[in-house]
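Heads up: the structure comes next, in structure tokens.
No value in this document is a laboratory result; all are computed from the given coordinates. Quantities reported herein were computed from a predicted structural model and do not represent experimental measurements. Note that we place each Cβ from the backbone using ideal geometry, even for glycine, and neighbour counts take in every protein chain shown.
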Amino acid sequence: MNNLVEFMGNSGLWMAFLGSAIAAGLAGCGSAIGVGIAGQAAAGVVTEDPGKFGKTLLLQALPGTQGIYGLLIGFLIWSKIGVFGTILPVTTEQGLMLMLSGVPIGIVGLISAIYQGKASAASCGIIAKRPEEFGKGMIYPAMVETYAVLALLASFLMLNGIKL
Amino acid sequence: MAIVKMKKATMIALQSEKNEILSSLQKFGYLQIVNLEEQMEQGFEELQPDSDNEAVGRLEAKLSQVKYSLDFLGKFNKAKKPLFAQKIQVDESKHKEYLENEEKLNEIYEDCRSIDSKFTEIKSSETKLNNIISQLNPWLSLNENLEDIGATKNTNTILGFIAGKYEEELIAAVNAEDLHAYLVKVGAEKENSFFMVTYHKTCEEKIAQLLKQAGWTKVTFSEYSGTPKDNVERLKSEINELENIKKELVKKAEALVPEIGFLEILYDLISIEKDRRTVVKDFVKTDKTFMLQGWLPEKFTGNMTKVLDGITDKYTTSFEDPGEEDEMPVLLDNPKPVKPYEMITDLYSVPNAKGIDPNIFMAPFFVVFFGMMVTDAVYGIFMSAVTGYVLYKYKPQGGMKNMMWIMFFGGISTFFWGGIFGGWLGDLIKIKPWWFNPLDEPLRMLIFCLILGVVHLYTGYILQAYQSIKAGNFMDAIYDQVLWLMLLTGLIFLALPPLAVVGKYMAIIGAAGTVIFSARSEKNIFKRLISGVLALYNVSGFLGDVLSYSRLFALCLATGVIAQVFNAMGVMMGGSIIGKIIMVAFLAFAHVFNTALGVLGAYVHTSRLQYVEFFGKFYEGEGKPFNPFRIKTKYIQE
């Protein structure tokens, strides 16, 4: 550890950046995959009945929130270390903590968005065959999102506890 | 209660007056007719199932004509469809006139048919002509008349093509054999080379063999005269002519477009009559009389007799309370502001006739949670203003209307929560929060959200208790809900020092009661106690439910921080005057986008809290919605 600290010039700044990259990057990847999966199924439904575009678009948008949560935590890390103004000195320890605070939303966002996308794709089947049950079709993907919401909260509370 | 009490109406009247009675019942619109065929089996041999299939068939045929014409003319209707279509007003005295104008309908229908079939004809001829043109295309540079291709006394000329890669091989082979033959390459297309071959008949066999080796495909144009070029030009002009005919046809069809209004009115009028004739199959009859049975709201029984009295006095009715095994249809009667929220519940499941209508309890929580998840005063004003304007100006109907009202109330709630937590376009307008800023005191906010969750869940438990009491199981409510709530409340009190002592005893009583009574239907005392102890594990389920309300905070956070991100991005742009203009445009777009995102999230997650956490505690759905025999229209005002 000491070697690493010396190697990095005793600065935690890069770790803080790594943390925001994990949060925004991984969660964004997850949303991209999830929205893609849902979009494929949605396009299939719309080929049969173009009138269902609005409903399928809503389902497709659901796995998109993780990317936003990730960006949100990334943004909070940046504003904490002062990327938008003067950059504050960050010790290695603080940097490590900032990095770890990006991990929950990064990892949970990545995985939950993919599975939410799959659930959305399955719900597109509900819209195709029983459009009147649309409300139920929205709930299944929303169940998956719960964990992304909890991870967002975890990341936020961790971040909030770090004093610079 | 909010579920309307129903009566089962039975009526017997004369066949000769059936049509008139049905007409007024349809206009009355509060009777859901049930099928009597099953009841007939119970020993009424003299009763026959009634039906009016002949009329239904005739009306269906007519309806399909109208529908076909509407669909066909719809393709030529250039008028833009308004976002919120208004229904057409038709005076009732004119209904007959429309219905009896069979001639006009037939005329329109036949016109549509003939135009449509001509279109199909033209399309197929066009395809045919295009096919021939594509066949002739490779031969365009052949400057011979097609009728000249063929045999003379001593020679023969043929056309055909081979794969391009064998081209050189073939020419070399023909040259090597020194045959009396002449090969002309006319053209090439894709992978093929097109040749005209002229040879003396003496070497026919040899040529045929060489061509076969090269993979020769023969082409003949025996029906054509003139050069290929002439032919292609002729065919193209024929296609042009067809195009002109098509334009004429389109004009003809467009001339019929003004009749769409007539067709739409007719569509509805025929549908109404068809409904009236179709419902007859649920009746039973004797020679002179018929009998029908149906559900209607208790308060409308008087109105129904009044309607019938207006027509005839030769009828008899009876109104009975629903029996144990009857599946009563469900009609909800809620105050006007709660009405739109029925849609949210119906999306989950229609309330059960034997259960309770949750809407009046659900709606306030929905409004509060929805607002908390967006939490921006300006967004709230924006949402209410937009939806309010749409509601006032366009008067949307059905699901759209409900959605708009939900958004309208949601907007008001969003405004208040935005003020409470100090969100005015994120941090763009700095106004001190009325209460506190959740970003500064996240733990306080989290605890507040969880408290709201506890209140929501407790309401659910209390409703379950009420349901048990209503069903006459008073002790169930005590054993299942009161003890349980005591346990939970006790545990919560344990965390609050001044109440800890009270909490301890409450928790102990609640826990002991739950262990003893939760599995009271179990005879074996040991099994009963073991199941009772296991029931205590539901506390962890309750904990999970409460934590689920932390999403209120998370979504509020998401809207607020994203708004701040946009503001920060916008401020970066605002250097020069042009930059400031771009900044304003960007911020306007970004905040509208964020509102849309917030509303979607708030709608989905509020619904989830209602469906999973709240309804899970007490709600019994799977009711059958009340679907009365009434005038149903698509285009005209009912």
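Which residues does a label at B:GLU177 reach in segment B:118-161, if reach means a backbone N under 17 Å from a point 7 Å past the Cα toward the Cβ?
Under 17 Å, as judged by backbone N against the label point of B:GLU177, lie B:155-161 of segment B:118-161.
Under a Cβ-only charge scheme (Lys and Arg +1, Asp and Glu -1), can you give me the dipole magnitude of chain B about the Cα centre, in debye to the nearest 20?
The calculated dipole for chain B is roughly 2460 debye.
The protein assembly as shown: Rg/Rh from Cα coordinates, Kirkwood Rh? Don't skip to the answer; put the middle values down first.
Numbers: Rg = 38.3 Å, Rh = 34.1 Å.
Dividing the radius of gyration by the Kirkwood radius yields 1.12.
As I understand it, the dipole of chain B uses +1 on the Cβ of Lys and Arg and -1 on the Cβ of Asp and Glu, about the Cα centre. Which of B:VAL599, B:ILE582, B:ASN538 lies farthest toward its positive end?
My answer, from the dipole projection, is B:ILE582.
If R0 is 45 Å, what FRET efficiency do you get for B:LYS212 and B:ILE239 from their C-beta distance, rounded to 0.05?
Taking R0 as 45 Å, the efficiency between B:LYS212 and B:ILE239 is 0.75.
Please list, in order along segment A:16-31, the HN-Hα scalar couplings obtained from phi with the Karplus expression 6.51 cos²θ - 1.76 cosθ + 1.60 (θ = phi - 60°), rounded to whole Hz, x for Gly and Pro.
The phi angles translate into 4, 5, 4, x, 5, 5, 4, 4, 6, x, 5, 5, x, 4, x, 5 Hz.
Can you tell me the 0 to 90 degree angle between the C-alpha axis of helix B:260-278 and the longest principal axis of chain B, rounded to 10?
60 degrees
Report, to the nearest 10°, how far helix B:550-573 tilts away from the longest principal axis of the Cα atoms in chain B, using its own Cα long axis and a range of 0 to 90°.
50 degrees
Roughly how many whole Å is it from the C-alpha centroid of segment B:595-635 to that of segment A:117-164?
Measuring centre to centre over Cα atoms gives 18 Å.
So if I take the centroid of the Cα atoms in segment B:499-523 and the same for segment B:154-194, what is the distance between those two points in Å?
101 Å
Among B:PHE408, B:LEU425, B:ALA477, pick out the residue whose Cα is farthest towards the positive end of the charge dipole of the protein assembly as shown, where Lys and Arg carry +1 and Asp and Glu carry -1 on C-beta, about the Cα centre.
Highest projection toward the positive end goes to B:LEU425.
Which FRET efficiency, nearest 0.05, do B:PHE262 and B:LYS299 yield, Cβ-Cβ r, R0 51 Å?
Calculated value: 0.85.
If the cut-off is a Cα-Cα distance under 23 Å, which lysines reach B:LYS246, setting aside same-chain residues fewer than 8 apart in sequence?
Filter leaves B:LYS75, B:LYS78, B:LYS118, B:LYS123, B:LYS128, B:LYS236.
Counting only Cα atoms, I'd like the Rg/Rh figure for segment B:150-220, Kirkwood definition for Rh. Spell out each step's value before the answer.
Details: Rg = 11.3 Å, Rh = 12.1 Å.
That ratio equals 0.94.
Placing +1 at every Lys and Arg Cβ and -1 at every Asp and Glu Cβ, with all other atoms neutral, what dipole size does chain A have around its Cα centre, in debye to the nearest 20?
My answer is approximately 220 debye.
Find out how many positive minus negative residues lie around B:ASN359, taking Lys and Arg as positive, Asp and Glu as negative, among other residues whose Cβ is under 11 Å from that of B:ASN359. Show your work: numbers first, answer last.
Values: positive: B:LYS339; negative: B:ASP333, B:GLU342, B:ASP346, B:ASP357.
Residues close to B:ASN359 contribute a combined charge of -3.
From the phi of every residue in segment B:541-546, what ³J(HN,Hα) in whole Hz does the Karplus formula 6.51 cos²θ - 1.76 cosθ + 1.60 yield, where θ is phi - 60° and glycine or proline is x?
x, 5, 4, x, 4, 5
Once you charge only the Cβ atoms, +1 for Lys and Arg and -1 for Asp and Glu, what is the size of the charge dipole of the protein assembly as shown about its Cα centre, to the nearest 20 debye? Please list the in-between numbers first.
Details: 75 positive and 83 negative charges, 548 e Å.
I would put it at about 2640 debye.
Students often get this wrong, so check it: of A:LYS136/B:LYS395; B:LYS18/B:LYS401; B:LYS7/B:LYS624; B:LYS314/B:LYS354, which have C-alpha atoms separated by over 26 Å?
A:LYS136/B:LYS395; B:LYS18/B:LYS401; B:LYS314/B:LYS354
Grab every C-alpha pair in segment B:411-553, bin the distances at 10 angstrom width from 0 up to the longest one, and report whole percents.
11, 29, 28, 17, 10, 4, 1
Could you please state, rounded to a whole Å, how far the C-alpha centre of segment B:427-466 is from the C-alpha centre of segment B:61-109?
After rounding, the separation between the Cα centres reads 54 Å.
Cα convex hull of segment B:565-638: how many Å³ per residue?
It is 142 Å³ per residue.
Using every alpha carbon pair in chain A, what percent of pairs falls into each 10 Å bin from 0 up to the bin containing the largest distance?
12, 34, 24, 16, 10, 4, 0
On a 0 to 90° scale, report how tilted helix B:442-470 is relative to the longest principal axis of chain B, with both axes built from alpha carbons and the result rounded to the nearest 10.
The helix B:442-470 is inclined about 80 degrees to chain B.
Which value, to two decimals, describes the C-alpha radius of gyration of segment B:281-406 once divided by 2.2 N^0.38 Å?
Numbers: Rg = 21.4 Å, N = 126, 2.2 N^0.38 = 13.8 Å.
Taking the Cα Rg and dividing by 2.2 N^0.38 Å, one obtains 1.55.
Across 10 Å bins from the origin, how do the percents of Cα pairs in chain B run, short distances first?
For chain B, the binned pair fractions read 3, 10, 13, 13, 13, 13, 11, 9, 8, 5, 2, 0, 0 percent.
How many lysine pairs are close in segment B:150-220, with Cα atoms under 27 Å apart and the two 8 or more places apart or on different chains?
Count of close lysine pairs: 19.
Kindly put B:PHE195, B:PHE416 in sequence by how many other C-beta atoms sit within 10 Å of each C-beta, fewest to most.
Lowest count first: B:PHE416, B:PHE195.
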